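Everything on this sheet refers to the single structure shown next.
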Amino acid sequence: MANLKNCNLLVVGLSAVTGSAIAATAYGYGIAMTEYGPGPGFWPFILGVSLLAVAVLLLLDTLKHSAEYSAQEILLSTAANLSAYQMMGIVLLYAVLIFITGFYLATALFLICAMYRLGADNFKQILGVTLVFLAFIYILFGMLLHIALPLPIFME
């Protein structure tokens, strides 16, 4: 069993690394104000810095309540936690599949798996929601905004 202090410190580390990576990547896209508004990296940069700030706040809170949090045991293998781990795995697989299969197929598979994992059992409804969502994304981003979403590896 783990304690809350160690879990918090792990979350602080992961959040700090993720926030730093987001901020550094976004900064590379440009965050300066232009005649058209902020650069393309402005809002992702703000989100990365915000994540860093939350990590610092969690670290300060954990250090302030160190003894109390060390005494609180955390059960990592409960049924609810295992469900959360499965969803994390589905999200991670989705992130990898976007590069391999492209946005639309990866998103279709993600939505089907996520809805099923979250308790949807009517396959017609799952397929319907997936198709409506993908159609909306295609019309909005592909046709109206002319934004190219990631293609499969074999089409690039």
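The table below lists the values:
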read-out	value
Placed amide H near Ile74: partners under 5 Å, 5+ positions off or other chain	Ala2, Asn3, Leu4
Simple spin-label estimate for Gln125 and Leu144 in nanometres, 7 Å along Cα-Cβ	2.7 nm
Share of alpha-carbon pairs per 10 Å distance bin for segment 77-156, given as whole %	18, 40, 32, 9, 1
Tail beyond 18 Å, pair distance distribution of segment 18-104 (Cα, percent)	70 percent
Sequence ranges 127-138, 106-117, ranked by mean other-Cβ count within 10 angstrom, highest first	106-117, 127-138
Förster-model FRET efficiency, 30 Å R0, Leu63 and Tyr94, C-beta, rounded to 0.05	0.30
Phi-based couplings in Hz for segment 12-17 (Karplus 6.51, -1.76, 1.60; Gly and Pro marked x)	4, x, 5, 5, 5, 5
Relative contact order [Cα under 8 Å, 6+ residues apart], the chain, whole percent	22 percent
Cα pair distances exceeding 22 angstrom across the chain, given as percent	64 percent
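All of the numbers you see were taken from the coordinates with simple rules; none came from a lab. Computed from a predicted structure; not experimentally measured. Backbone-built Cβ (ideal geometry, glycine too); neighbour counts: all protein chains shown.
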